[in-house]
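All remarks here apply to the structure that follows.
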Amino acid sequence: MQQVNYISVARTTALLILVLAAGPAAAHVSIEHSVSGFWAGVLHPWQGLDHLLAMLAVGIWAAHHRRPALYLLPLAFPVMMAAGALLAMNGIVLPGIEAGIVASLIVLGLLIAFAIRMPVAGSVALISLFALAHGYAHGAEMPASASAAAFGAGFLLSTATLHVSGLAAALAARRWTLLSRVAGAAIAATGAYLVLA
């Protein structure tokens, strides 16, 4: 049975993003909007510390679980994130989005810091709730000129990259559990700071 090298997967994904970042020449206006929409989506998770840390945290927390949660958590997040984005893009108002985003940092950070595992169904439900909030924020902040499909593809690619990066880092550091716990505490502290800011 072949073992997956998560660091190689993360490096390959990052390289793919850089290669794609070279940007093909767009011959038509509609293609330009798709390309710019895609890159707006790719960049969006990286431009907010709240999104960046939450998406890394999903990967880190997933690494603390066994199968199937190890895979289900990083898969459930983008699916529910897409659902949240679609709600926002269609003008459906959801309350408490910013609170949900900040709560994701605090809760996921504490779960990592205290090495807490939940049952699979509870873990997926929690991740899905947080993903809905993050996705809604992404959809609400989509540039008006961007193609929704291109923007969505972009932020989902970045989300997957961040999940794989967090997962790979946590799996690589399994021998140093203190490192994961400190990362979790830092993520939770960032969430607490955002509440007070």
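Only the coordinates and a few stated rules stand behind these numbers; no lab work does. Values in this document were obtained by computation on a predicted structure and should not be read as measured data. In this analysis, Cβ positions are derived from the backbone assuming ideal geometry, glycine residues included, and neighbour counts consider all displayed protein chains.
Descriptive notes on the structure:
- Cβ-Cβ FRET estimate between LEU110 and ALA149, R0 fixed at 41 Å, reported to 0.05: 0.70
- Estimated distance in nm for a label pair at VAL120 and LEU43, the labels positioned 7 Å out from Cα along Cα-to-Cβ: 4.0 nm
- Local charge for ARG117 was computed over the other residues whose Cβ lies under 13 Å away, with Lys and Arg +1 and Asp and Glu -1, and equals +2.
- If you plug the beta carbon distance of LEU179 and LEU86 into 1/(1 + (r/R0)^6) with R0 = 41 Å, you get a FRET efficiency near 0.65.
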